[in-house]
Amino acid sequence: MSHLNIFVGTMYGGALDVAEQVKPLFEEAGYQVEIREQPTLEVLTEHVSDLALFCVSTTGNGDFPGDFVPFVRELQAQSPSLVALCYGLVALGDSSYETFCGAGRSLDELLEGLGATRLGERLEVDAMETFMADDDAVPWAEQWIEAQQLKVD
């Protein structure tokens with residue numbers, strides 16, 4: 001069975017809620033899904049999955065949530081080759097801040113710099129427009145699975 005890790009960085013639970021809401025869509029598409037709160041570089045590099053999804057909130061001035069900072073620091077310090085990694089990204093933010101979705105955008109840039117390939121467009125969910133992030137994320141995930149032909153036979 002194909003495997004999907006959903007890596008979550010959340011402050012108030014919004015990104016975790018997104019992960020929990022999209023998980024069944026990937027299970028229906030044929031994936032064994034694990035949600036990774038407080039992810040580690042080891043999980044990303046040593047337990048290679050067929051696909052990864054990152055659900056990350058932005059805090060402060062475009063910062064990563066505290067539970068996600070050690071993961072990002074490990075990525076930056078060790079700079080592993082991620083050429084085999086294909087991923088999707090859901091960034092949560094608030095457009096009333098100048099650093100809207102700053103954490104998701106930074107993560108995207110970091111992953112691409114390490115050789116990973118983002119499949120499709122990054123979803124940016126604006127808290128000023130969408131009260132529940134999964135209202136945007138679920139249709140995006142459905143479309144992403146179809147557009148990227150991610151269903152597993």
- Query: Between segment 113-136 and segment 1-41, what's the alpha-carbon centroid distance in Å?
  - Reply: 14 Å
- At most 13 other Cβ atoms within 10 Å and a DSSP loop assignment: could you name the GluC sites (Glu not before Pro) in segment 85-116 that fit? Glu98
- Message: Could you compute Rg(Cα) / (2.2 N^0.38 Å) for segment 43-153, with N its residue count?
- Response: 1.08
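For a Förster distance of 22 Å, can you work out the FRET efficiency between the beta-carbons of Gln76 and Thr117, rounded to the nearest 0.05?
Working: r = 19 Å, r/R0 = 0.88.
It comes out at approximately 0.70.
Given Cα pairs under 8 Å that are at least 6 residues apart, what percent is the relative contact order of the chain? Intermediate values should be presented prior to the final figure.
Working: 306 pairs, mean separation 40.0, N = 153.
It rounds to 26 percent for the chain.
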- Query: Can you run phi through the Karplus equation (6.51, -1.76, 1.60; θ = phi - 60°) for segment 77-92 and list ³J(HN,Hα) in whole Hz, with x for Gly and Pro?
  - Reply: 6, 9, 6, x, 6, 10, 4, 8, 8, 10, 8, x, 9, 10, 9, 10
- With label points built 7 Å along Cα→Cβ from the Cα atoms of Ser2 and Glu146, find their separation and express it in nm. 1.7 nm
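Every read-out reported here was derived from the displayed coordinates using simple, explicitly stated rules and does not represent laboratory data. Keep in mind that this is a model prediction, so the values were computed, not measured. Reconstructed Cβ throughout: ideal geometry from the backbone, glycine too, with neighbour counts over all protein chains shown.
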